[in-house]
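Written below as structure tokens is the structure these notes are about.
The values are calculated or read from the model by the stated rules, or taken from the named source; none is laboratory data. It should be emphasised that the depicted structure is a prediction, and the values quoted were computed from it without experimental measurement. FYI the Cβ positions are ideal-geometry reconstructions off the backbone, even for glycines, and counts take in every protein chain you see. When the accessible area is computed, the model is the full protein with side chains, heavy atoms only, and any ligands, DNA or RNA have been set aside. Shrake-Rupley method; radii C 1.70, N 1.55, O 1.52, S 1.80 Å.
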Amino acid sequence: MSYVNNIINLVKEKYPEQAEFHQAVKEVVESLEPILKKCNKYENSAILERLIIPDREIHFRVTWEDDNGKINVNRGYRIEFNSAIGPYKGGLRFHPSVNPSIIKFLGFEQIFKNSLTTLSMGGGKGGSDFDPKGKSNNEIMRFCQAFMNELFRHIGAHTDVPAGDIGVGGREIGYLFGQYRKLTNRFDGVLTGKALNWGGSLVRKEATGYGCVYFAQEMLRQRGESLDGKICSVSGSGNVAIYTIEKLQQLGAKPVTISDSKGMVYDKDGIDLELLKEIKEVKRVSLEEYVKNKSSAQYTSIKDYPKGKNPVWHIPCFAAFPSATQNELNADDAEALIKNGCICVSEGANMPSTIEAVHKFISAKICYGPGKAANAGGVAVSGLEMAQNASMTPWTFEYTDKRLHQIMEDIFNNASQTAKEFGEEGNLVIGANIAGFRKVADAMIDQGVI
Ligand code: NDP
């Protein structure tokens, strides 16, 4: 049996119930075949065996009191995956679906994504099965404080630097940071995504969405295409989706879809960004509210989705930006996109396309930017926030955005040239995985058997 198959089997055997983690490992290690065949030092140094087991998995209890005085108990996680090239870095997700498999798939992907950014950051991820929906501000604050009561022991500006993800935005980072400062009596750059007046970076909020569009621009430029005047489909309606839409509109494109966990909106006149921000950033309510205010829009509830299909991907578009969650785009959806003329998919979310959907994109030879490359702008600007904190100097919006744009171009060029080096021109899955892997694996070899 090949080295790669051995590793896939090993992960299934060691972690039988962790389907998302199996999927992420399979996607990465299969695409590493060309480099593993060419350089046997990685197998000889047992690099894959070491990469699939996190440095440490921290599981903890989070106990907090709601507004009615009821005591609630949630699970908390921080998975410190690999720090060969820098401190652990990766977001915190608060969502009821969070479990060890989800956090491990995200942490594993984060190792390669962070490596691709060209900055010095290792990979980690964390979160809780806490559901922020419907909770008061005070409940969110008490939960974040209780979460930090355990997490503070494990993090530090040079050890592990968490950030936001699904369910964790600026408000939550504020409460988490406040409790960290209270417990440790330190003001460190220990979290990123902070507010501007106490150490945050301009462009952090916009970074993942903007970066994902910059990445799409690079892919399209190679084919002499641009986004100007083009119809685009976007899923999700959170941080990544909102700033993807903002950048698309700045570039003259017309995004026509958004979605959330309850349904999707198709607005043939183009998404009204101000209305969307009001609904999701201020009121924090469902997208049903959007159609009440916009007569050109249609709403489809998730209950009415055709079986096995995500209707967002069945609206004809030129470019697609999956920006909600994992496995939200399957093989049928991929086929519909291709059939309807979509020539570019740039993933804002982590692992939004199933392995079968990715195969369809690759065989159709459309521009396909896998999440770990296309959405690396968020963690890249987090790295820039750490640099600003260390030097105690804030940068301007224009300068930070320029750095982000350059990093996205560099990631594209690195993935594209690496794919070419291994005889897989145009295959950014292989290019991004090998480029991300090589830097980490070589660092692990340099640092000895530990
Ligand atoms: P937000 O919490 O801001 O928004 C998430 C969006 O996805 C919401 O619209 C939410 O709907 C929807 N959603 C969440 N879970 C599901 C589900 N199971 N089914 C359907 N819709 C769902 O998160 P972000 O925008 O920050 O994150 C979106 C994706 O981008 C995630 O995959 C995340 O890991 C990835 N990512 C985020 C980065 C960042 O900087 N924030 C960086 C890199 C990747 P609802 O409003 O109903 O909850």
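Odds and ends about this structure:
- Count of residues meeting criterion [under 18 Å from Asn74 (Cβ atoms), within 16 Å of the ligand (Cβ to nearest atom) and of a type outside the set (Asp, Glu)] in region 113-146: 12
- Residue list for region 128-179, restricted to those being within 20 Å of the chain's Cα centre (by Cα) and of a type in the set (Val, Ile, Thr): Val161, Ile166, Val168, Ile173
- Residue in region 303-313 that is touching a residue at least 60 places away in the same chain (Cβ under 8 Å) and open to solvent by 10 Å² or more (accessible area, probe 1.4 Å) present: yes
- Where strands (runs of 3 or more DSSP E) fall wholly inside region 187-291, the ranges with 1 or more residues that are under 16 Å from the mean Cα position of the chain (by Cα), over 24 Å from Asn114 (Cβ atoms) and within 11 Å of the ligand (Cβ to nearest atom) are 231-234.
- Residue identified as under 19 Å from Gly122 (Cα atoms) and either modelled with pLDDT of 95 or more or buried (at least 24 other Cβ atoms within 10 Å of the Cβ) (or both) among Gly378, Gly369: Gly378
- Some residue of region 394-402 being closer than 17 Å to Thr118 by Cα, open to solvent by less than 10 Å² (accessible area, probe 1.4 Å) and more than 16 Å from the ligand (Cβ to nearest atom): no
- Count of region 74-118 residues, restricted to those that are assigned to a helix (DSSP H, G or I) and at pLDDT below 95, is 0.
- Assessment of region 89-108 against the conditions (of a type in the set (S, T, N, Q), away from the ligand (no atom under 13 Å from the Cβ), at positive phi and in contact with a helix residue (DSSP H, G or I) (Cβ under 9 Å, 6 or more places away or on another chain)) yields no matching residue.
- Residue match in region 386-393 (condition: over 17 Å from Asn433 (Cα atoms), open to solvent by 50 Å² or more (accessible area, probe 1.4 Å) and not in a loop (DSSP other than H, G, I, E, B)): yes
- Within the option set Lys307, Lys303, being of a type in the set (D, E, K, R), out of contact with any helix residue (DSSP H, G or I) (no Cβ under 6 Å at 6 or more places or on another chain), over 28 Å from Phe112 (Cβ atoms) and assigned to a helix (DSSP H, G or I) holds for one residue only, Lys303.
- Only one entry in Leu119, Leu151 is on the phi < 0 side of the Ramachandran plot and either among the small types (Gly, Ala, Ser) or open to solvent by 10 Å² or more (accessible area, probe 1.4 Å) (or both), namely Leu119.
- Some residue of region 204-224 being among the acidic types (Asp, Glu), over 24 Å from Pro322 (Cα atoms) and at pLDDT 95 or above: no
- Scope region 247-266; condition open to solvent by less than 30 Å² (accessible area, probe 1.4 Å) and over 16 Å from Ser301 (Cβ atoms); matching residues: Lys247, Leu248, Ala253, Pro255, Val256
- In region 124-137, residue nearest to Trp64 (Cα to Cα) [restricted to those that are touching a Lys or Arg at 6+ places or on another chain (Cβ under 7 Å) and open to solvent by less than 10 Å² (accessible area, probe 1.4 Å)]: Ser128
- Applying the criterion of being crowded, with 20+ Cβ neighbours inside 10 Å and small (Gly, Ala, Ser) to the residues of region 90-116, the residue that is farthest from the chain's Cα centre (by Cα) is Ser115.
- Just one of the listed residues (Thr354, Thr396, Thr400) is farther than 23 Å from Asn197 by Cβ and not acidic (Asp, Glu), and it is Thr354.
- Selection within region 17-55: residues that are part of a loop (DSSP other than H, G, I, E, B) and closer than 15 Å to Phe105 by Cβ. The member of this set that is most open to solvent (accessible area, probe 1.4 Å) is Glu17.
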